[in-house]
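These notes are about the structure you will find just below.
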Amino acid sequence: MAEQQDGNNLIACRICGQIMVKISRDVCPKCFKKEEELFIKIKSFLKANPGVSVPQVAQNCGCSEEDVWGFIKSGRLDRIGLSKIAHHCELCNSIIYEGVMCDDCQKKLKNQLSSLKNAPYNRR
């Protein structure tokens with residue numbers, strides 16, 4: 001949990017909790033290095049095995065499924081063109097290969113937002 005103290009940029013590393021000065025990241029240099037090494041391992045595995053599932057990635061890369069999910073949700077895999085990883089839609093749990101929501105849920109959400117945007121205001 002990152003907290004600023006006394007106007008300084010002191011925060012706790014979001015991974016290990018070590019107190020540090022926040023410059024540009026919310027993780028300490030040691031955890032950043034480990035996270036980058038894991039990202040490179042996952043990236044290499046996905047390049048060699050497109051379309052695998054999150055559990056398969058975690059098992060083969062020696063990490064947790066939450067670690068893999070972190071890279072999916074952050075968009076890092078999408079940004080390097082590795083979005084083809086089988087995972088569940090955040091809303092309906094169907095299998096998708098990119099993003100965090102399936103096309104159907106995205107459409108439903110857009111329609112709901114549009115309905116709310118066009119709805120008359122109820123004033124009492």
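The values are calculated or read from the model by the stated rules, or taken from the named source; none is laboratory data. Quick caveat: nothing in here was measured; it's all calculated off a predicted structure. All Cβ positions, glycine included, derive from the backbone under ideal geometry; neighbour counts span all protein chains shown.
Looking only at residues that are surrounded by fewer than 17 Cβ atoms within 10 Å (Cβ to Cβ) and in contact with a strand residue (DSSP E or B) (Cβ under 8 Å, 6 or more places away or on another chain) in segment 75-88, which one is modelled with the lowest pLDDT? Restricting to residues being surrounded by fewer than 17 Cβ atoms within 10 Å (Cβ to Cβ) and in contact with a strand residue (DSSP E or B) (Cβ under 8 Å, 6 or more places away or on another chain), the top hit is Ala86.
Among the residues here, Leu91 does not qualify as modelled with pLDDT of 85 or more and surrounded by fewer than 12 Cβ atoms within 10 Å (Cβ to Cβ). Taking the criterion of being more than 16 Å from Trp69 (Cα to Cα), surrounded by fewer than 17 Cβ atoms within 10 Å (Cβ to Cβ) and either touching a His at 6+ places or on another chain (Cβ under 7 Å) or not charged (D, E, K, R) (or both), the residues of segment 13-43 that qualify are Cys16, Gly17, Gln18, Ile19, Val21, Ile23, Ser24, Pro29, Phe32.
Reported count of residues in segment 51-74, each being surrounded by 13 or more Cβ atoms within 10 Å (Cβ to Cβ) and either in contact with a helix residue (DSSP H, G or I) (Cβ under 7 Å, 6 or more places away or on another chain) or not in a helix (DSSP H, G or I) (or both), is 13.
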